[in-house]
Every structure is written in C-alpha cells, then in structure tokens.
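Peer 1: Below are the structure tokens for one structure; questions will follow.
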Amino acid sequence: MNIKTIKKSVFFVFSIGVSILLIWLGFSTLKENYSRDLKSIHQQKGIIEHAKVVLKRTKATGKYSIYFNLKILKIKLNTTNEAFYSYNNNQNYAELTRKLKEGTKVLVYYKKLNQGEIANNVLKLISEDEVLLTHESYKAKEYFAGIFMMLLGFLLLLLSVFLLKN
C-alpha cells in the first residue's frame with residue numbers, strides 16, 4: 001500500500017465517523033424534543049430579582065478562531081442560586097424584558113444544561129397573567145438544529161463516498 005491509499009482510507013474512516021456522529025446527534029435531538037413532556041421536567045416558581053440581556057462570547061475554532069457575541073436573556077429568581085437563560089434567534093428581547101420586571105411572580109420550566117454549571121435553559125416561562133416564552137418556540141429551534149445536523153451528516157457521508165470512488 002502506498003501513502004496515498006493510506007491517506008484516503010484514513011480520511012474515509014474519519015469522515016464516516018463524523019457523519020455517523022452528526023446523524024446520531026441530530027436524531028437524538030429530534031427524539032428528545034419529540035418525547036419531552038413539560039409535566040416531567042424541572043420547574044421553579046419564584047419572584048424575579050433581575051432579568052437582563054447579557055452578551056455571551058462564544059468561540060468557533062478551526063484553523064482560525066472566530067468569535068461570536070450573542071445576546072442572551074438571563075433571569076435570576078429569589079428562590080434559587082441558579083440562573084435561567086433564553087436565546088432568541090432574532091436577538092430582540094425588548095418586549096420580553098419590558099414584561100419581566102423585578103418583583104414579577106413567574107413559573108419557569110427549564111432544562112438543566114450541565115451538572116457542574118449553575119445555568120439552565122428556559123423551555124417555557126409563565127408570568128402571573130400570561131405565557132411569555134412558549135415551549136413550541138423552543139421546540140422549533142431544537143427541530144431546526146436536529147434536522148440541520150442530520151442533513152449535514154448525510155451530506156458529508158455522500159461526499160465521502162463520492163470522493164472515495166474518484
């Protein structure tokens with residue numbers, strides 16, 4: 001075997017592995033999103049201490065690092081030390097922050113992000129008199145992410161097979 005064949009084989013195995021990982025992640029995201037029941041998810045009642053938009057700097061790495069500044073809504077309740085976060089695709093939180101004043105009683109349905117972190121992902125937010133964030137809007141974002149990952153995995157798989165044949 002020559003070096004070119006070895007490189008081609010390593011690339012093929014690596015790309016197949018990444019493809020399968022992306023397809024599996026997309027499928028598991030869709031499955032979790034479909035089977036989620038708000039009755040069995042974490043809930044927290046409390047009074048808002050503060051609700052504000054914070055900038056979160058995220059890093060996409062590769063050959064060169066790219067930084068993204070994202071606006072995220074952070075909600076702190078008086079009943080827990082944990083923080084609750086909500087991301088909005090259009091980065092517009094004016095209406096929501098206007099309704100989330102200090103002293104407002106709310107019920108938060110949330111998903112724990114990691115055991116070590118004290119941050120949670122808001123699935124649904126209900127104030128005293130109205131639903132401020134719906135579970136359906138969160139599900140729509142998750143569906144999009146799951147389908148995107150699966151399509152990317154299938155595309156990479158097809159590209160790998162095509163390059164292997166040539």
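Peer 1: Which ³J(HN,Hα) values, rounded to whole Hz and listed in residue order, are derived for segment 12-19 from phi using the Karplus coefficients 6.51, -1.76 and 1.60 in 6.51 cos²θ - 1.76 cosθ + 1.60 with θ = phi - 60°, glycine and proline given as x?
Peer 2: 5, 5, 5, 5, 5, x, 5, 4
Peer 1: Rolling a 1.4 Å sphere over the protein heavy atoms, what is the accessible area per residue of the chain, to the nearest Å²?
Peer 2: 68 Å²
Peer 1: Would you list which aspartates and glutamates come within 13 Å of Lys101, measuring only between C-alpha atoms, while excluding same-chain residues fewer than 8 positions from it?
Peer 2: Glu49, Glu128
Peer 1: Among DSSP beta bridges whose residues both lie in the chain, state the antiparallel percentage, nearest 5.
Peer 2: Once the DSSP bridges in the chain are tallied, antiparallel ones form about 90 percent.
Peer 1: A follow-up question, please. Please give the residues of segment 18-49, grouped as numeric ranges, whose backbone N is less than 20 Å from a label point set 7 Å along the Cα-to-Cβ vector of Asn166.
Peer 2: 19
Peer 1: Leaving ligands, DNA and RNA out of it, rank Phe144, Phe27 by accessible area with a 1.4 Å probe, largest first.
Peer 2: Largest accessible area first, the residues go Phe144, Phe27.
Peer 1: Can you compute the helix-only [θ] at 222 nm over the chain? Use -39500 (n - 2.57) per DSSP H run of at least 4 residues, normalise by all residues, nearest 500 deg cm²/dmol.
Peer 2: Calculated at 222 nm, the ellipticity per residue is -15000 deg cm²/dmol.
Peer 1: Amide H of Asn88 versus every other amide H placed in the peptide plane: which residues, excluding those fewer than 5 positions away on the same chain, fall under 5 Å?
Peer 2: Under 5 Å from the amide H of Asn88: Leu73.
Peer 1: In addition: What accessible surface, in Å², does a 1.4 Å probe find on His50, ignoring ligands, DNA and RNA and rounding to the nearest 10?
Peer 2: Rounded to the nearest 10, that gives 60 Å².
Peer 1: Could you grab the relative contact order for the chain? Cα pairs under 8 Å, six or more apart, rounded to a whole percent.
Peer 2: Reported as a whole number, the value is 30 percent.
The values are calculated or read from the model by the stated rules, or taken from the named source; none is laboratory data. Remember, it's a predicted structure, so these values are computed and weren't measured experimentally. All Cβ positions, glycine included, derive from the backbone under ideal geometry; neighbour counts span all protein chains shown. We work out accessible area using only protein heavy atoms, side chains counted, and drop any ligands, DNA or RNA first. Shrake-Rupley method; radii C 1.70, N 1.55, O 1.52, S 1.80 Å.
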